[in-house]
Amino acid sequence: MDYLKIFSPATVANVSCGFDSLGFAVDAIGDEMTFTKTTEKGVKITNITGANLTYNVDENAASAVVKKILNEANADFGIELTIHKGFSPGSGLGSSAASAAGAAFGANQLLGNIYSDLELTKFAMFGEEVACGTPIADNVAAAIYGGFVLVRSYNPLEIIKLPVPSELRVVAIHPQVAIKTKDAREVLPTEIALKDAVTQWANVGGLISGLYSDNYELISNSLVDIIVEPHRKNLIPFFDDVKNAATKAGALGAGISGSGPTIFALCKGDVIAKEVYKSIEESYKNTGIDFKMFISKVNKEGMKIINSN
């Protein structure tokens, strides 16, 4: 294989109760990336569209990952890379993660698929560190594995792929305001009460159990975040209005996607998802803030090869 074009999905991290440990991939939006083998070693970005990102190979999350993976594999070829951002950085939908995870996947394909998904996640985490200073795994793992994932352990890294109930849908609204991951982390408490920790652990267990048993009521009851959301929601204009609109329209639950400002709602079935979409749209249209929305299935496959030769 000398050429590859892929789709790398956007992702929702944390999923309310699972801060830095839960995430899932979406179908509706993501990045498109191309990888072309070159006789000259190293990596070069030839084109970036959809966002204003650096062409510096050591500072761009995608090229930094490609460079690292080629060096680790002692590759006798280089890669020319193009990136089309299908959604904006700072959205809370894993923008840098889509680039980093897509880079790891694409480079691995040209290397003959020599690395496992777990190893690709480690490479992609390096891209996250380049982009935002922290090697977080939840977004990149969701993009690589597809579906829902649990980051059970960081040291050693352990990723568990979780089942996806067939009728589960996500509705998301992205208010056009910028929130940096670093800023969103700085508002979090350094200590929490034991009773809050117990409640949060129970919700994570309940959500995972609900995914395995297709129990939508249990999923709904477990989509509660009493630790992170109360501090971060103040960074997102009209968050409570959106959440209330979603739940009144029948959503299983709603919360902050990643660091925000995107707000996601999980729903059972297409009919309710469309009602939730309309209700959220109605709640936000007179705020004076531009926004984008989408409805999506959960992307069970993760990365998708568009074409290759």
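The values are calculated or read from the model by the stated rules, or taken from the named source; none is laboratory data. None of these values were measured; they are calculated from a predicted model. Note that each Cβ is placed from the backbone with ideal geometry, even for glycine, and that neighbours are counted across all protein chains shown. Protein only, heavy atoms only, side chains kept; ligands, DNA and RNA dropped before computing areas. Shrake-Rupley method; radii C 1.70, N 1.55, O 1.52, S 1.80 Å.
Of the residues in segment 41-56, none is assigned to a helix (DSSP H, G or I), touching a helix residue (DSSP H, G or I) at 6+ places or on another chain (Cβ under 8 Å) and at pLDDT 95 or above.
The requirement of being touching a residue at least 24 places away in the same chain (Cβ under 8 Å), of a type in the set (Gly, Ala, Ser), within 12 Å of Pro175 (Cβ to Cβ) and touching a Gly at 6+ places or on another chain (Cβ under 8 Å) is satisfied by Ser257.
Here the condition is being open to solvent by less than 20 Å² (accessible area, probe 1.4 Å), part of a loop (DSSP other than H, G, I, E, B) and either more than 30 Å from Thr287 (Cβ to Cβ) or not aromatic (Phe, Trp, Tyr) (or both); of Pro165, Pro135, it holds for Pro165 alone.
Give the residues of segment 138-159 that are part of a loop (DSSP other than H, G, I, E, B) and touching a strand residue (DSSP E or B) at 6+ places or on another chain (Cβ under 8 Å), sorted by residue number. Write out each step before concluding.
Of all residues in segment 138-159, those part of a loop (DSSP other than H, G, I, E, B) come to 146-147, 155-156.
Scanning segment 138-159 gives Gly146, Gly147.
Can you name every residue in segment 248-296 that is under 18 Å from Ala143 (Cα atoms), among the hydroxyl-bearing types (Ser, Thr, Tyr) and open to solvent by 10 Å² or more (accessible area, probe 1.4 Å)? Across segment 248-296, the qualifying residue is only Ser259.
Of all residues in segment 138-152, those satisfying the criterion of being surrounded by 20 or more Cβ atoms within 10 Å (Cβ to Cβ) and either within 27 Å of Lys182 (Cβ to Cβ) or more than 14 Å from the chain's Cα centre (by Cα) (or both) are Asp138, Asn139, Val140, Ala141, Ala142, Ala143, Ile144, Tyr145, Phe148, Val149, Leu150, Val151.
Scanning segment 79-132 for residues that are more than 13 Å from Thr34 (Cα to Cα), out of contact with any helix residue (DSSP H, G or I) (no Cβ under 7 Å at 6 or more places or on another chain) and open to solvent by less than 50 Å² (accessible area, probe 1.4 Å) yields Gly86, Gly90, Ser91, Gly92, Leu93, Ser95. Among the helices (runs of 4 or more DSSP H) confined to segment 218-300, the ones with at least 2 residues that are within 22 Å of Gly86 (Cα to Cα) are located at 270-284. Only residues that are touching a strand residue (DSSP E or B) at 6+ places or on another chain (Cβ under 6 Å) and part of a loop (DSSP other than H, G, I, E, B) were counted across segment 14-40, and they come to 4.
Being small (Gly, Ala, Ser) and either more than 18 Å from the chain's Cα centre (by Cα) or farther than 25 Å from Ala184 by Cα (or both) is the filter here, so list the residues in segment 254-298 that pass it.
Initial filter on segment 254-298 (small (Gly, Ala, Ser)): 254-255, 257-260, 265, 269, 273, 279, 283, 288, 296.
Those that are small (Gly, Ala, Ser) and either more than 18 Å from the chain's Cα centre (by Cα) or farther than 25 Å from Ala184 by Cα (or both): Gly269, Ala273, Ser279, Ser283, Gly288, Ser296.
Pairing each residue of segment 38-50 that is of a type in the set (Ser, Thr, Tyr) with any residue that is open to solvent by less than 40 Å² (accessible area, probe 1.4 Å), provided the two are 6+ apart or on different chains, yields C-beta distances under 6 Å for Thr38/Gly78; Thr46/Thr82. On the stretch given as segment 57-67, residues that are open to solvent by 70 Å² or more (accessible area, probe 1.4 Å) and not in a loop (DSSP other than H, G, I, E, B) total 1.
Restricting attention to segment 174-203, the residues being more than 25 Å from the chain's Cα centre (by Cα) and of a type in the set (S, T, N, Q) number 0. Only one residue in Asn215, Asn299 is modelled with pLDDT of 95 or more and open to solvent by less than 10 Å² (accessible area, probe 1.4 Å). Which one? Checking each option against the conditions leaves just Asn299. Here Asp20 passes the criteria (1) open to solvent by 60 Å² or more (accessible area, probe 1.4 Å); (2) touching a residue at least 60 places away in the same chain (Cβ under 8 Å) except the one numbered (1).
Residue by residue, here is whether (1) more than 10 Å from the chain's Cα centre (by Cα); (2) under 24 Å from Ser259 (Cα atoms); (3) small (Gly, Ala, Ser) holds:
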{"site": "Val12", "(1), (2), (3)": "no, yes, no"}
{"site": "Phe19", "(1), (2), (3)": "yes, yes, no"}
{"site": "Thr34", "(1), (2), (3)": "yes, no, no"}
{"site": "Lys41", "(1), (2), (3)": "yes, no, no"}
{"site": "Asn47", "(1), (2), (3)": "yes, no, no"}
